[in-house]
Each structure stands twice: as C-alpha cells, then as structure tokens.
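Taking it in order: structure first as structure tokens, then the write-up.
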Amino acid sequence: MKQHISIVAALQIGFSLLYLVLGIFIFLLLAGIGFAVADETALLVLGAVGTLLATLFVAISVPGILAGIGLFYRQNWARFVVIIISVFDLFSFPFGTILGVYSIWVMTHEESVAFLTGQQIEESQSQQSAYVEPSETQTV
C-alpha cells in the first residue's frame with residue numbers, strides 16, 4: 001500500500017500542477033488578446049476575467065500540491081485533504097473521476113490509514129493469502 005500512497009501523491013501533484021499551468025495559460029491568453037485588439041475596454045475586461053480565472057485555478061491547485069507533498073512525507077493530515085480533493089475530482093470526468101475513485105480507495109484503505117497514522121496492523125490482516133491448508137479428511 002506504500003506504493004499506492006506514493007502514486008496518489010504523484011498524481012495529486014501532477015494534476016494540481018496541470019491546473020496551475022492551465023490557470024497561467026488562461027491568464028496569458030486573455031491578457032494577450034486584450035493587448036492584441038488594442039482596445040482599452042477589452043484589455044480591462046479580459047484582464048479582469050483572466051485574473052479571476054487564474055486566481056481560481058491557482059486556488060484549486062495549491063491544496064493538491066501541498067497534500068501530495070504531505071503524502072510523500074507520510075503526514076496523516078494529507079490523507080484528509082486528499083480525500084476532500086478527491087470528492088471534488090469525482091465531478092471532473094473522465095480523468096478526475098478515475099483519480100478521485102483511486103485516491104479515495106487508497107486513502108480509506110485500512111493499511112493506508114495505519115501506515116499514515118504510524119499504527120501497526122496484524123500481518124494476517126494485511127496479507128490476504130489464497131492458501132488453504134488441506135484437511136485430513138480429503139482423499140485423493
């Protein structure tokens with residue numbers, strides 16, 4: 001499960017960086033259009049809309065980046081942040097939905113909770129073996 005936690009951390013950071021870059025791109029695009037048309041009103045409106053959207057995307061991306069870093073450092077608070085972010089990711093079809101379902105599964109798994117809180121779980125619980133001992137009454 002440690003590997004799954006690292007994967008979730010990397011995916012959270014990756015998707016959050018994608019949102020961050022998207023916000024910066026939208027701002028530059030809208031501000032560039034405002035400059036290109038050489039109209040003061042268009043520059044003002046497009047600059048304001050670009051700033052608003054860029055701020056929104058940055059605000060959405062920062063918690064994911066911090067939570068991903070927190071997971072890499074095995075911080076239990078990051079598990080709660082990732083679960084909250086993952087619930088919102090469920091509505092971002094299709095990739096966010098996949099990320100959200102996977103992240104929720106990993107973060108709510110018993111081994112992940114134990115690992116991030118520093119607790120030990122019994123080995124018999126963490127390793128579900130398919131091996132069944134043969135009974136003495138079986139005949140070949």
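Observations, loosely collected:
- Some residue of the range 49-64 being closer than 16 Å to VAL106 by Cβ, part of a helix (DSSP H, G or I) and within 22 Å of the chain's Cα centre (by Cα): yes
- Taken over the range 87-115, residues that are closer than 15 Å to PRO63 by Cβ, surrounded by 14 or more Cβ atoms within 10 Å (Cβ to Cβ) and out of contact with any Asp or Glu (no Cβ under 9 Å at 6 or more places or on another chain) amount to 3.
- Condition check for LEU11: under 27 Å from LEU66 (Cβ atoms) and surrounded by fewer than 17 Cβ atoms within 10 Å (Cβ to Cβ): no
- ILE104 of a type in the set (Val, Ile, Thr) and touching a residue at least 24 places away in the same chain (Cβ under 8 Å): no
- Taken over the range 86-117, the criterion of being within 15 Å of SER6 (Cβ to Cβ) and of a type in the set (D, E, K, R) is satisfied by GLU111 alone.
- Across the range 1-42, the qualifying residues are those that are free of Cβ contacts under 8 Å to residues at least 40 places away in the same chain and polar (S, T, N, Q), and the one among them that is farthest from LEU116 (Cα to Cα) is THR41.
Rule-based calculations on the coordinates, nothing more; no lab input. Values in this document were obtained by computation on a predicted structure and should not be read as measured data. Counting neighbours? That spans all protein chains shown, and the Cβs are built from the backbone with ideal geometry, glycine included.
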